[in-house]
């Protein structure tokens, strides 16, 4: 999470530490677009409420008898945003967990069937077993920035699709329609870029972070915006953690005396794609990345393997630069 000043950051850390020091009573919620399926500790049945202000208010009322309630739900994107906002206002800790981990936990316990009620009950069992830490709330400016970055990516994908449709066409009306749409999409992307720039420029810490990232040869404004919006842990995690979050950490596949080939897996796809697009020019213009890539190729590594390793190195460099608050030119 990124905050606009040090006082807010210290306040948030203290709040999270206080939450974790309590003897939590986990309440599991399966969040969908329209409903919240809630598993309460000691309850015999799953209770359902609407995913609205009224429904969340009813949930808060039900939580009142609990001395230290702690909400746990799966990551569902914007569907859990209202719940997170209301729990933050009520000073109730909320943990957002990886759905794949919950599903694997369900399989491990023999729970193969899947319904909203069953999901809520298995999330409760997962919470009791794993005791997840509270997820720090995301500032509103970070939410807005992430939405603009995501929207830009959608527009770029649509633009690429429309450009592909131009190939092989000779009907004048169809070509005119596609070209008009391309012009419209390009205008929308420009507007998105302006909103992203304004959102970053309105916050001193985001502005500094963007400047640090853009000082690295190969990383431009677009890649910097993606890293700021969708990898807020940058500069706060160690190199192994940040590589795993981005999905560029090699995962071993060994068993007994057999040694398998390590592969990257998981992580945030949008961040990994942005890193890939930044690494290609970095291999040409960034002396550290170029030397590293050429060294791997000289050792016989395949191009894709060498590029992936260069992506990881570029990310670790970015993490170090943000961590030490030193631009590329001043990095020892």
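The values are calculated or read from the model by the stated rules, or taken from the named source; none is laboratory data. In this text, all values refer to a predicted model and were calculated from it rather than measured experimentally. Here the Cβ is made from the backbone with ideal geometry for all residues, glycine too, and neighbour counts use every protein chain on show.
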**Prompt:** Among the residues of segment 68-79 satisfying the criterion of being crowded, with 18+ Cβ neighbours inside 10 Å and within 15 Å of residue 116 (Cα to Cα), which is nearest to the chain's Cα centre (by Cα)?
**Reply:** 74
**Prompt:** Out of the residues in segment 104-117 that are surrounded by 13 or more Cβ atoms within 10 Å (Cβ to Cβ) and in contact with a helix residue (DSSP H, G or I) (Cβ under 9 Å, 6 or more places away or on another chain), which is nearest to residue 23 (Cα to Cα)?
**Reply:** 105
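Would you pick out the residues in segment 118-137 that are out of contact with any strand residue (DSSP E or B) (no Cβ under 9 Å at 6 or more places or on another chain) and surrounded by fewer than 16 Cβ atoms within 10 Å (Cβ to Cβ)?
129
Across segment 42-59, which residue is surrounded by the fewest Cβ atoms within 10 Å (Cβ to Cβ) among those that are over 30 Å from the mean Cα position of the chain (by Cα) and on the phi < 0 side of the Ramachandran plot?
So the residue we want is 44.
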**Message:** Any residue at all in segment 90-103 that's surrounded by 16 or more Cβ atoms within 10 Å (Cβ to Cβ) and in a helix (DSSP H, G or I)?
**Reply:** yes
**Complete:** Conditions (1) farther than 19 Å from residue 32 by Cβ; (2) assigned to a strand (DSSP E or B) -> residue 49 fails only (1)
**Item:** Which listed residue, of 140, 147, is modelled with pLDDT of 90 or more, surrounded by fewer than 19 Cβ atoms within 10 Å (Cβ to Cβ) and within 30 Å of residue 229 (Cα to Cα)
**Value:** 147
**Request:** Say whether the condition of being modelled with pLDDT under 95 and not in a helix (DSSP H, G or I) is met by at least one residue in segment 170-180.
**Result:** yes
**Prompt:** Could we say that residue 215 is surrounded by 15 or more Cβ atoms within 10 Å (Cβ to Cβ), more than 26 Å from residue 84 (Cα to Cα) and touching a residue at least 60 places away in the same chain (Cβ under 8 Å) here?
**Reply:** yes
**Request:** Give the number of residues within segment 218-235 that are over 17 Å from the mean Cα position of the chain (by Cα), surrounded by 15 or more Cβ atoms within 10 Å (Cβ to Cβ) and assigned to a helix (DSSP H, G or I).
**Result:** 0
